[in-house]
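These notes concern the structure reproduced below.
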Amino acid sequence: MAVNTDKNSYTILFAVVMVLVVGSLLAFTASALKPNIKENERIEKQQNILYAMGINGNEGTGDITFVDAKKAEAEFASNVSEQIVLEVKDGKIINQMTGEEFANSKDADKGIEPYLIDVKKQQTRVKEGKSRYLPLFISNNNGKKVYVAPIRGKGLWDAIWGYVAVDEKMVVQGAFFDHKGETPGLGANIKQRYFMDDFAGEKLLTDTGVFKGINVAKGNNDPKNEIKDDYEVDALAGATITGDGVSAMIKKDLKLYLPYFKNL
Amino acid sequence: MGLLSKKDTKLITDPLADNNPITIQVLGICSALAITAELKASLVMGIAVLFVLGVGNVVISLLRNLIPSKIRIIVQLIVVASLVIIVDQVLKAFAFELSKTLSVFIGLIITNCIIMGRFEAFALGNGPWKSFLDGIGNALGYAVILIIVGFFRELLGSGTLFGIPVLGDPIEKTGVYGFGYENNGFMLMPPMALIIVGLIIWVQRSRNKDLIED
């Protein structure tokens, strides 16, 4: 029996059936693969935090290389000596928890390991007038402590995020940035080593302890980034808005940690 | 008689050389430029397109008498998009680092003109088996070019193949680097892919004069 495929009713019926079939197929795939994907994302977070701490497989001056995914769990456990969570509201720390306290809490928003805290969700909590949980991952290498904090903001097209490692004077030790959909070859280059490496050694605080942040600056007179106390790194050509996004998220999210570092 | 008839064999072999989607039809150039800095990414992109185009062509061919012509482009898009999402999810689950490398380009398969082109030009008018062979042939033709370009770009740009150093160590100055050879960083830039594709087109057309258009 030949179907008259030109009829409007047939077209609509076809569209409806197709959407139902395709929709359920995709929903099924997504839920079947979800555990694997979640696990991969968890390992990736550990790799990113370790990267910012300076524990990575980088060789020479090429691309960024993380510690091997299979070893990430063990490296994370041995290098991150302490995870703490600060509860802040209106710029003041109202509570400080150890990682265990946070992970064992019955509160719905807690009960996870601090490194799994979703920064985006915490930023929404602030908008709802609630307090915000700020995780901090501390490594202790022969008495030299390094503190890693997650940051998150907006690039040109979509979210950008990263991890910044600082010492107790908030001098940057290392940084890692990633993005969801910045333009390849332009904004996406925030994920390149030559951009990230520039941050190491830059200060976040003035000598009097005021938080200044780091500007991703165009046309500064220090393209090789040899001057480390100018609160500037060289911008990426053709990626003004992504670069501004990086400056903004550093200023906004890292500033929240200032009270903690002041009391160290 | 072999598994494939002569006509069927032609469906696979034609796109490999004389009707290659990249060098002759000039389709799919954007992904050929974007991801060929590494051989591994080229190979995976080839396999992903092989899957999407092979399966997609069969699906479209099976539905060809049912698809209302008014919305056929939308139907084709949905078929590609769903297949691409499945490929993306599978990569995320089982080859996470690779999916990070390919990131946006996996999504870009949707817009790969080879796929829509084959759906529209072949699968809508031919049976599933033929469409499957056509899809495989075209995807292989695409993959071959990607791999050739990837091979030269990774070898000359980074001195590695599949990430394994083959020319010695550029920092320690061993292997060919000992004789003053340097990696050509320019090979890692997308324009070089276009130049290599151009060279392939040149070689191909000088060997087969029939391909030259006036």
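Only the coordinates and a few stated rules stand behind these numbers; no lab work does. If you're wondering where the values come from, they're calculated on a predicted model, not measured in any experiment. Backbone-built Cβ (ideal geometry, glycine too); neighbour counts: all protein chains shown.
In whole percent, what relative contact order does chain B give with Cα contacts below 8 Å and a gap of six or more residues?
Over chain B, the number comes to 33 percent.
Mind checking the alpha-carbon convex hull of segment B:112-206 and giving the volume per residue in Å³?
128 Å³
Of A:LYS92/A:LYS145; A:LYS110/A:LYS169; A:LYS38/B:LYS100; A:LYS106/A:LYS127; A:LYS203/A:LYS224, which sit over 26 Å apart, Cα to Cα?
Violating the 26 Å Cα-Cα cut-off are A:LYS110/A:LYS169.
Can you pull out the trypsin sites (Lys or Arg not before Pro) in segment A:100-189 that DSSP calls coil and that have at most 10 other Cβ atoms within 10 Å?
A:LYS106
Using the Kirkwood radius over C-alpha pairs as Rh, can you work out the diffusion coefficient of segment A:52-262 via Stokes-Einstein at 20 °C, viscosity 1.002 mPa s, in µm² per second?
For the chosen part, D equals 120 µm²/s.
If neighbour count is taken as other Cβ atoms inside 10 Å, put B:GLU97, B:GLU172 in order from fewest to most.
Listed from fewest to most nearby Cβ atoms, that is B:GLU172, B:GLU97.
When the dipole is taken about the Cα centre of segment B:26-106, and only Lys, Arg (+1) and Asp, Glu (-1) are charged at their Cβ, what size is it in debye, to the nearest 20?
Approximately 280 debye in magnitude.
Loop only per DSSP, at most 12 neighbouring Cβ atoms within 10 Å: give me the GluC sites (Glu not before Pro) in segment A:69-136, ordered by residue number.
Passing both the DSSP loop test and the Cβ count: A:GLU128.
Have a look at the protein assembly as shown and give its Rg and Dmax from the Cα atoms, expressed in angstrom.
Cα only, the protein assembly as shown: 26.5, 87 Å (Rg, Dmax).
Give the shape of segment B:2-75 as rounded, prolate or oblate, defined through the alpha-carbon gyration tensor: a ≥ b ≥ c are the square roots of its eigenvalues, a/c under 1.5 means rounded, and otherwise the shape is prolate if a/b is larger than b/c and oblate if not.
Oblate shape, in that a/c is at least 1.5 and b/c is the bigger or equal ratio.
Considering Cα pairs under 8 angstrom that are at least six residues apart, work out the relative contact order of chain A and quote it in whole percent.
Relative contact order here is 14 percent.
Could you list B:VAL84, A:VAL88, A:VAL22, A:VAL164 in order of exposure, starting from the residue whose Cβ has the fewest other Cβ atoms within 10 Å?
Fewest to most other Cβ atoms nearby, the residues stand as A:VAL22, A:VAL88, B:VAL84, A:VAL164.
Take the alpha carbon gyration tensor of segment A:81-163, find the square roots of its eigenvalues, order them as a ≥ b ≥ c, and report rounded if a/c is under 1.5; if not, report prolate when a/b exceeds b/c, else oblate.
Oblate.
With helices defined as uninterrupted DSSP H runs, which ones in chain B have an alpha carbon span along their own long axis of at least 30 Å and mean Kyte-Doolittle hydropathy of at least -1.0?
The answer, listed by residue number, is B:39-62, B:72-94, B:128-158.
May I ask you to compute the full-extension gain from A:GLU128 to A:THR206, defined as 0.36 nm times their residue separation minus their alpha-carbon distance, rounded to one decimal in nm?
Extra length from A:GLU128 to A:THR206 when fully extended: 24.9 nm.
Counting helices only, and only those DSSP H runs with n ≥ 4, report the 222 nm mean residue ellipticity of the protein assembly as shown as the sum of -39,500 (n - 2.57) divided by its residues, in deg cm²/dmol to the nearest 500.
-15500 deg cm²/dmol
Could you sort B:179-190, A:226-237 so that the peptide with the highest average Cβ count within 10 Å comes first and the rest follow in order?
A:226-237, B:179-190
Relative to the Cα centre, what is the charge dipole magnitude of segment A:1-122, using +1 at the beta carbon of each Lys and Arg, -1 at the beta carbon of each Asp and Glu, and rounding to the nearest 20 debye?
Dipole about the Cα centre, nearest 20: 520 debye.
When you take every Cα atom in chain B, what is the radius of gyration, and what is Dmax, the widest Cα pair distance, in Å?
19.0, 65
Once the Cα atoms of helix A:8-52 and of chain A are each reduced to a long axis, what angle between those two axes, in degrees from 0 to 90 to the nearest 10, is obtained?
It works out to around 20 degrees.
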